[in-house]
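S.K.: First, the structure itself, so that you have it in front of you.
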Amino acid sequence: MDLRIAGIVKDSVVDGPGFRLVIFTQGCYHNCLGCHNSETHDPAGGKIIHTDEIMNMVAAAKLIRGVTFSGGEPFLQAKALALLAEKIKARGLNIVTYSGYVFEQLLAMSIQRREVRELLHRTDILVDGPFQIEKRDLRLAFRGSTNQRLIDVPSSLRSGHVVLWDELRSICSNA
């Protein structure tokens, strides 16, 4: 399946916990003022890549802990990313997904759109909400503004309410 991307970074430590491969999707309608990835907004920009090619990169990246879907807005291409996430998780890697939508909006969208539900259910950590320049804080881990949350998606889906991701708990459970 094809995916429109802005680019891929094979060695990031700032887009989620641990050493990661990051896929920057192309296309975003949020147009957050001050977005540091504004070149990803044009839905016709970037380039097309087949998910098999991305899986070859994932297989070659022996030291990564997971893969991050960033943007652009990943949920605009939820079907291809859900398929990719399934294959990545089968390799024992985790998934971090950034979105300008908040978790509650994605849950509502997932009722009508199967691909949104599948991508959400295959995401381990969701960095949700639009970047808000007036709430910008450079001290935050993995996000740009204080309104954005790091959500433990599996725990949130099980409990029926938002459970924030706890880095310390995550490190201890992986030790």
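The values are calculated or read from the model by the stated rules, or taken from the named source; none is laboratory data. Keep in mind it's a predicted model, so treat the numbers as computed, not measured. Don't worry about glycine lacking a Cβ; one is built from the backbone with ideal geometry, like all the others, and counts go over all protein chains shown. To get the accessible areas, we keep the full protein, side chains included, count just its heavy atoms, and leave off ligands, DNA and RNA. Shrake-Rupley method; radii C 1.70, N 1.55, O 1.52, S 1.80 Å.
S.K.: Output the qualifying pairs, or none if there are none: Cβ atoms under 6 angstrom, residues six or more apart or on different chains, first residue in segment 70-82 and in contact (Cβ under 8 Å) with a residue 24 or more places away in the chain, second residue polar (S, T, N, Q) and not in a helix (DSSP H, G or I).
M.R.: 71/25; 72/25; 72/26; 74/25; 74/97; 75/99; 77/25
S.K.: Hey, does segment 18-27 have a residue that's closer than 13 Å to residue 122 by Cα, hydrophobic (A, V, I, L, M, F, W, C) and open to solvent by 50 Å² or more (accessible area, probe 1.4 Å)?
M.R.: no
S.K.: Please count how many residues of segment 106-132 are open to solvent by 60 Å² or more (accessible area, probe 1.4 Å), in contact (Cβ under 8 Å) with a residue 24 or more places away in the chain and either in a loop (DSSP other than H, G, I, E, B) or farther than 17 Å from residue 68 by Cα (or both).
M.R.: Of the residues in that region, 1 qualify.
S.K.: Within segment 141-150, identify whether any single residue is among the hydroxyl-bearing types (Ser, Thr, Tyr), under 18 Å from residue 32 (Cβ atoms) and either assigned to a helix (DSSP H, G or I) or without any contact (Cβ under 8 Å) to a residue 24 or more places away in the chain (or both), and answer yes or no.
M.R.: First pass over segment 141-150, keeping only residues among the hydroxyl-bearing types (Ser, Thr, Tyr): 145-146.
Applying the additional criterion that residues be under 18 Å from residue 32 (Cβ atoms) yields 145-146.
With either assigned to a helix (DSSP H, G or I) or without any contact (Cβ under 8 Å) to a residue 24 or more places away in the chain (or both) added as a condition, the list becomes 145-146.
Yes; the residues of segment 141-150 include at least one that is among the hydroxyl-bearing types (Ser, Thr, Tyr), under 18 Å from residue 32 (Cβ atoms) and either assigned to a helix (DSSP H, G or I) or without any contact (Cβ under 8 Å) to a residue 24 or more places away in the chain (or both).
S.K.: Considering only segment 106-143, state which residues are among the hydroxyl-bearing types (Ser, Thr, Tyr) and under 17 Å from residue 15 (Cβ atoms).
M.R.: Once the filter is applied, which keeps residues that are among the hydroxyl-bearing types (Ser, Thr, Tyr) and under 17 Å from residue 15 (Cβ atoms), segment 106-143 yields only 123.
S.K.: Same structure, new question: How many residues are among the basic types (Lys, Arg) and either open to solvent by less than 10 Å² (accessible area, probe 1.4 Å) or in contact with a Leu (Cβ under 7 Å, 6 or more places away or on another chain) (or both) when one looks only at segment 28-54?
M.R.: Qualifying residue count, segment 28-54: 0.
S.K.: Residue check: is residue 67 open to solvent by less than 30 Å² (accessible area, probe 1.4 Å), more than 12 Å from the chain's Cα centre (by Cα) and of a type in the set (Val, Ile, Thr)?
M.R.: No: the conditions fail for residue 67.
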